[in-house]
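For reference, the structure discussed in these notes is given below.
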Amino acid sequence: MPAAAVYNQDHGHVTGQALSTEDAAQLELQRQAIRACLDRYIPESQPVAILQFPFDFNVGNHMMWVAAMDYLKQRNASIAYTAHGLNFDLQEMMRAVGDGVILFSGGVTVSRLWPRHAEIKRIVAEACPNNRLVSLPSTMLFVDDEDRLEARTIFGNHRDVVLLARDPVSAASARSVFPDNVRVETVHDSALLLPQQQRLSAPEHDVIWLARDDIEGVGSSAPSGVEVFDWTHHDPAGMRVLFPGRFFSRVRKLAPALRSIANRQIAGSYDRFSRYMLASGNHRLDTGKVLVTDRMHPHILCTLRSQHSVLLPDRFGKNRAVYEYTSQNHSTVHWADTHEEALEIARSIARRTPV
């Protein structure tokens, strides 16, 4: 079990729990594996483009983005171009990145569940045959045979494509779909590269329940008597943080002479927004002792906070695959097949957890 929360006398608030020795060692091994994998495909001190910035309020997407930014800074990579699905400009990306590596943010990004991700990969693969393409750790799931056939052609005959699967189930699925010119490697989700996250306030509830309400959810209702929420769909304060990125996106489009400056400003704005969203996720998790969720990344955030979580199935098996590959050896992560079982586990943990 993790140590009790530490009271910070300088700031007068709870600052989080220390990872147990075993959990800290497990996390470090996973981080080393992620860094070693990325190092194989992303050269030091070279320009990169990173696509599909999460223009949304899904904290999990921003966890992956912050982790990628931190890794690229440590790698001394120059972030030459970044964009989301609505402001992506192929010609400007090609001009900015030259022969550098083109990265695609992780998630569920090669099926028709989130089709814009697959569409941009297809466009880039056709236009940039000499750039290495790396899809950061993702779940490779497909809805049906039609989806698999469509996905098979995403990268065409491109000879330097690397798909990083965040669990062996995804890797096997990808290998069964993509042709031999697409390399597939298994590695843990990049969000695990984030540093330990702090608890900044005492919990208000024993159990909080983060229930997704999109196409990956199973569609059943959380039980009564607990605090139920999902990530927000709108945050005016967050949009203000993102304003410089939106402004310089217009500059990049309308003023060619200022494109290099605009690219730097956009990357910085996106980075600040993602860190804002990560902080907001931590603030929301502060409200409970134990989290129950059918979203994948919140349980990783809890792991980084040494906060107990109970993970439930999603519609497509993503959560179970990640749990078996990454999470089951962390002492603060628990699995439940049903809502009733999850609630029983969460309440039992809450009763014996001081914070």
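Every residue, every condition in (1) under 18 Å from the mean Cα position of the chain (by Cα); (2) at pLDDT 95 or above, yes or no:
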position	(1), (2)
R250	no, no
D271	yes, yes
N282	yes, yes
G288	no, yes
L311	yes, yes
H330	no, yes
A336	no, yes
A342	no, yes
Of the residues in the stretch 213-226, those that are more than 19 Å from the chain's Cα centre (by Cα) and either at positive phi or surrounded by 15 or more Cβ atoms within 10 Å (Cβ to Cβ) (or both) come to G219, A222, G225, V226
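Look at A18 and say whether it is out of contact with any Lys or Arg (no Cβ under 8 Å at 6 or more places or on another chain), of a type in the set (A, V, I, L, M, F, W, C) and at pLDDT below 95. Talk me through it step by step, then tell me what you get.
Values: out of contact with any Lys or Arg (no Cβ under 8 Å at 6 or more places or on another chain): yes; of a type in the set (A, V, I, L, M, F, W, C): yes; at pLDDT below 95: yes.
Yes; evaluated as a whole, the condition is true for this residue.
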For the stretch 82-98, state whether one or more residues are in a strand (DSSP E or B), closer than 22 Å to E185 by Cβ, of a type in the set (G, A, S) and under 24 Å from the mean Cα position of the chain (by Cα). no
I'm trying to understand the selection: among the residues of the stretch 133-186, which are in contact with a Pro (Cβ under 8 Å, 6 or more places away or on another chain) and among the basic types (K, R)? R152, R159, R166
Restricted to the stretch 201-224, and to residues that are in contact with a helix residue (DSSP H, G or I) (Cβ under 7 Å, 6 or more places away or on another chain) and not acidic (D, E), which residue is farthest from A350 (Cα to Cα)? S220
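One line per residue, one yes/no per condition, for (1) among the aliphatic types (A, V, I, L, M); (2) touching a strand residue (DSSP E or B) at 6+ places or on another chain (Cβ under 7 Å):
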residue: Q265; (1), (2): no, no
residue: Y276; (1), (2): no, no
residue: K289; (1), (2): no, yes
residue: L311; (1), (2): yes, yes
residue: H339; (1), (2): no, no
residue: I349; (1), (2): yes, yes
Would you list the helices (runs of 4 or more DSSP H) that sit entirely within the stretch 104-207 and hold 3 or more residues that are in contact with a strand residue (DSSP E or B) (Cβ under 8 Å, 6 or more places away or on another chain), in contact (Cβ under 8 Å) with a residue 60 or more places away in the chain and surrounded by 14 or more Cβ atoms within 10 Å (Cβ to Cβ)? 115-127
Check the stretch 337-351 and report whether any residue there is of a type in the set (V, I, T) and closer than 25 Å to S170 by Cβ. yes
Only one of (1) touching a Gly at 6+ places or on another chain (Cβ under 8 Å); (2) closer than 19 Å to L301 by Cβ does not apply to Y270, and that is (2)
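The values are calculated or read from the model by the stated rules, or taken from the named source; none is laboratory data. All figures in this text were calculated on a predicted structure; none of them were measured in a lab. Every residue, glycine as well, gets a Cβ built from its backbone with ideal geometry; the counts of neighbours run over all protein chains shown.
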